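Below you'll find the structure, written out as structure tokens, and then a few comments.
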Amino acid sequence: MSDYKVFKKVLVIYTGGTIGMKPNDQGALDTVENALGVFLRTEPSLHVASLQVPAEENLFALPPVKGESGRVLYKLMEYDPLLDSSNMAGSDWKRIAEDIERMYDLFDGFVVLHGTDTLAYTASALSFMLDNLAKPVVVTGSQIPIYETRTDGRINLVSSLIIAGCYNIPEVCVVFANKLLRGNRTVKVNCNTLEAFDSPNAPLLGTFNNVININSSLIRPRPSGKLLTVGGVLEMNVATLKITPDMSLDLIESALAEPIKGVVLESYGSGNIPSNRKEIIDLLRNAVDRGVIIVNCTQCLSGSVASIYDAGAVLDDVGVLSGSDMTSVAAYTKLAYVLAFDVSNHHKKELMKYNLRGEITMADMNVNVL
Ligand code: ASP
């Protein structure tokens, strides 16, 4: 790469998703191996062929971007197998995090190409797993495959490469539909439009319009002098329990049963449950007493949990933690991360309440995580 010293270097980790899918024999969109790199090499908006970067190293050169002084050289790392993100699991988050750790010193930033269905889970999980992250990690994908004329994949990829290569944003973020979002605040809000993601409880980190506008005051500070460490161990015995009218006690009991260690309770409104059903409260209390960590998050798209009503305050009495304004997705992945720590249950609960990566507005400022 010696001829390309002036370029910013970005590693693109391609995990699968619509962005690289094509219709299979049944007409359903499916992943296709080794097609994206071939396409990128022939696509002038994504690669300058005349620069003759070594194809065998899977390197591509982004054309100059007006307004940006840096040039971006990127390397495509295609996963085998490529996955519809509905098939992704905690082991896939670990693989991505460990690849970023392995390649950390060689690149200025990282782009993760991902399906949209579980993109918010992966972005949230990576935000927790990558401790002391000092470089951008941008998760993106598309609603329309990149091979199609009307694709949103091309602009999402270009915007992500620019952020990963040219901006000092030391966080896991999501780029989608001209928005830059904090990864662990992101939720998929639409499966039919190109505006698939939003962060209803947190302002946008930036926007891509005529110019790229980054809200610098919101960007998390770069950790000084500390090395990246990857929390590769996760406790995946976590569950999400959505409260519904007349819900069965059996369902609640099984969601709280061994081997489950942590539960995201998706409650109504500002954190309420049917408090007139004493059996539900007893089941929750028993689980907390057994050491299960239960975090209360609202089912609403935005807003936060607070003990305003008796129907919610009852959860404080049994030891359920307030998830404040965390998304249920962030709470789920944070539980998977925190529950794997070799610390006391009390310490894990403090960590769940503490703002680790910008994922939560702390309800209780007296949280002690030391
Ligand atoms: N099912 C696809 C996936 O999550 C949807 C997408 O990428 O838009 O991989």
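When only alpha carbons of region 64-116 are considered, Rg and Dmax amount to 13.8, 39 Å.
Please report the relative contact order for region 1-98, taking Cα pairs under 8 Å with a sequence separation of at least 6, and give it as a percent rounded to a whole number. Intermediate values should be presented prior to the final figure.
On the way: 137 pairs, mean separation 34.9, N = 98.
Normalised by residue count, the contact order of region 1-98 is 36 percent.
When restricted to Cα atoms, region 122-242 yields an Rg and a Dmax of 15.2, 45 Å, respectively.
Entry note, region 75-217: relative contact order of 19 percent, from Cα contacts under 8 Å with a spacing of 6+ residues. What the Cα atoms of region 224-337 give is an Rg and a Dmax of 14.7, 53 Å. The Rg/Rh ratio for region 1-88 is 1.03, where Rg is the radius of gyration of the alpha carbons and Rh is the Kirkwood radius.
Hey, what's the chain come to in accessible area per residue, 1.4 Å probe, Å²? All intermediate terms of the calculation are to be shown ahead of the outcome.
Details: 16290 Å² over 370 residues.
Value for the chain: 44 Å² per residue.
With the biggest extent put first, the Cα atoms of region 73-158 measure 39, 30, 22 Å across the principal axes.
What's the Cα-based Rg to Rh of region 154-221, Rh via Kirkwood?
Working: Rg = 11.4 Å, Rh = 12.2 Å.
Ratio of gyration radius to Kirkwood radius: 0.93.
For the chain, the share of accessible area belonging to carbon and sulfur comes to 50 percent (1.4 Å probe, ligands and nucleic acids excluded). Diffusion coefficient (Stokes-Einstein, Kirkwood radius over C-alpha pairs, 37 °C, 0.692 mPa s) for the chain: 153 µm²/s, rounded to a whole number.
Close amide H contacts of K242 (hydrogens built in the peptide plane, cut-off under 5 Å, sequence separation of 5 or more or a different chain): E266. Per-residue packing, averaged as other Cβ atoms within 10 Å, sorts the ranges 154-161, 230-237, 186-193 into the order 154-161, 230-237, 186-193, beginning with the highest.
Taking the mean number of other Cβ atoms within 10 Å as a proxy for protection, how do you rank 140-148, 323-331, 250-258 from highest to lowest?
Values: 140-148: 22.3, 323-331: 25.8, 250-258: 14.0.
Going by the mean number of other Cβ atoms within 10 Å, highest first, we get 323-331, 140-148, 250-258.
Once backbone amide H atoms are built at 1.01 Å from N, Y14 has M77, E78, Y79, L113 as its partners under 5 Å, excluding neighbours fewer than 5 places away on the same chain.
DSSP beta bridges fully contained in the chain are about 35 percent antiparallel.
Taking the alpha-carbon centroid of each part, what is the distance from region 207-242 to region 255-297 in angstrom? Region 207-242 and region 255-297 have Cα centres separated by 28 Å. For the residue pairs K179/K349; K135/K179; K188/K334; K278/K334; K94/K261, alpha carbon separations beyond 27 Å are given by K179/K349; K278/K334. Projection of the Cα convex hull of region 53-196, averaged over all directions and equal to a quarter of that hull's surface, yields 8.9 nm².
The values are calculated or read from the model by the stated rules, or taken from the named source; none is laboratory data. What you are looking at is a predicted structure, and each value in this text was computed from that prediction instead of being measured. Every residue, glycine among them, receives a Cβ derived from its backbone with ideal geometry; neighbour counts consider all protein chains shown. Ligands, DNA and RNA are excluded from the accessible area calculation, which covers all protein heavy atoms including side chains. Shrake-Rupley method; radii C 1.70, N 1.55, O 1.52, S 1.80 Å.
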